[in-house]
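Structure first, commentary second.
The values are calculated or read from the model by the stated rules, or taken from the named source; none is laboratory data. Being a predicted model, the structure only gives us computed values, none of them experimental. Virtual Cβ from ideal backbone geometry, glycine too; neighbours counted across all protein chains shown. Just the protein is used for accessible areas: all its heavy atoms, side chains included, with ligands, DNA and RNA removed. Shrake-Rupley method; radii C 1.70, N 1.55, O 1.52, S 1.80 Å.
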There are 2 protein chains.
Amino acid sequence: MQISMYRASVPVLARALRNLAAVLRKGEAHAAARNVDPAVLLGYRLAPDMFPLTRQVQIASDTAKGCVARLAGVDVPSYPDDETTFAQLLARIDRTVAFIESFEPAQIDGSEQKPVTLKMRTGEINFQGLQYLFEFVLPNVYFHSATAYAILRHCGVELGKKDFLGVT
Amino acid sequence: MQISMYRASVPVLARALRNLAAVLRKGEAHAAARNVDPAVLLGYRLAPDMFPLTRQVQIASDTAKGCVARLAGVDVPSYPDDETTFAQLLARIDRTVAFIESFEPAQIDGSEQKPVTLKMRTGEINFQGLQYLFEFVLPNVYFHSATAYAILRHCGVELGKKDFLGVT
């Protein structure tokens, strides 16, 4: 048994996104219990030139759907980035998970060396599939979900690493 | 070509740790340039009941060395957790990377279903090797390195996500 590209991407990303959703639900419940305007949490930043919570979630979603689409060789679906509530962010995560889980292993497997080109503001980055997954996608998704966690934790939401990891 | 357990662990973890070291070096330089006591950054927390920067780095190191040792079936080396300076944390990262890179693929490969038991404060967690790597080790290492990044970023250190990802 060796690890397939499907196994290293779809279930790993879906798990990270579901755990991020659980973290957001605790943020939403905290705001309701403490009479905190949810918009304050959603707009909170750890530094003035860091992205706020909402954008962290959007980028985690974009990275996950972009990964699976690119590895499978289909167009990356575009979501409008118009979420203004916890409920809308949770719906976006659900939509992202449903999208990535709609792929069959056969559509992803064998993409280890598939060329992947990302167009960034600073130019193009060229990867092979395996490198893209391990050096760009997974660290990015965890970076943004950990930053979302850190924002809520900094704002007093009762969270533990177990929420992030999803272990019992 | 499929992904081996070695490919999914050793180079991925070594890369994450080297990028964490680069982030710490920017923190160290920032403290020197601004006349900030490095101990303030090393002891900084994003919430009173979160771990400070030093501990984030120690846990990232522990998780990485524990992973490779357990997958290879050797004793996990114990480090004393006595770092009090950036230089000492950077030396710990170097030592951790040297340890994990001392393994050959043949020592790690085939460990997908190897039983791994972690003794936590709250009891034992039982994993199989692949699940341990993807559901515990990688999210944990990125969680702590992203939190270390967030602490330094919150403290005004000039960092960008490129430093975390190590992409050029």
Degrees, to the nearest 10: A:53-72 long Cα axis against longest axis of chain A: 10 degrees
Rounded to 10°, Cα long-axis angle of helix A:5-34 versus longest principal axis of chain A: 10 degrees
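Could you tell me the calculated FRET efficiency between residue B:162 and residue B:122, based on Cβ-Cβ distance and R0 = 51 angstrom, to the nearest 0.05?
0.90
Just checking the output field for A:146-158: average partner chain Cβ neighbours within 10 Å of each residue's Cβ?
Mean inter-chain Cβ contacts per residue within 10 Å come to 4.
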For residues of B:48-61, the mean tally of beta carbons on other chains within 10 Å: 1
10 Å Cβ neighbours from other chains, averaged over peptide A:117-126: 1
Inter-label distance, nm, simple model (7 Å from Cα along the C-beta direction), residue B:33/residue A:101: 4.6 nm
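Using the Cβ atoms and a cut-off under 13 Å, what net charge is assigned to the surroundings of residue B:40, where Lys and Arg are +1 and Asp and Glu are -1?
Here the charged neighbours net out to 0.
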Of A:65/A:119; A:26/B:161; B:65/B:114; B:65/B:161; A:119/B:161; B:26/B:161, pairs whose Cα-Cα distance is over 23 Å: A:26/B:161; B:65/B:161
Computed label-point distance, nm, for sites residue B:15 and residue A:82 using a 7 Å Cα→Cβ extension: 3.7 nm
Solvent-accessible area of residue A:103 with every protein chain in place, 1.4 Å probe, in Å² to the nearest 10: 10 Å²
Angle between chain A longest axis and helix A:138-154 axis [Cα atoms, degrees, rounded to 10]: 0 degrees
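Quickly estimate the mean residue ellipticity at 222 nm for chain A, helices only: each DSSP H run with n ≥ 4 gives -39500 (n - 2.57), and the total goes over all residues, rounded to 500. Walk me through the numbers before you get to the answer.
Numbers: 7 runs with 96 residues, N = 168.
Here the helix-only value at 222 nm equals -18500 deg cm²/dmol.
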Sulfur and carbon atoms: percent of accessible area, the protein assembly as shown [1.4 Å]: 49 percent
Neighbourhood charge, 11 Å Cβ-Cβ cut-off, centred on residue B:30 and excluding it, Lys, Arg +1 and Asp, Glu -1: +2
Inter-copy spacing of residue B:82 label points, which lie 7 Å from Cα along Cα→Cβ, given in nm from shortest upward: 6.1
Cα gyration tensor, segment B:66-137 - rounded (a/c under 1.5), prolate or oblate: oblate
Per-copy distances of the residue B:113 label point, shortest first, in nm (7 angstrom along Cα→Cβ): 2.9
Accessible area buried, both sides summed, chains B and A with 1.4 Å probe, Å²: 3900 Å²
For residue A:36, inter-copy label distances in nm, listed shortest first [label point 7 Å out on the Cα-Cβ vector]: 2.3
Highest-first arrangement of A:72-83, A:14-25, where packing means the average Cβ count within 10 Å: A:14-25, A:72-83
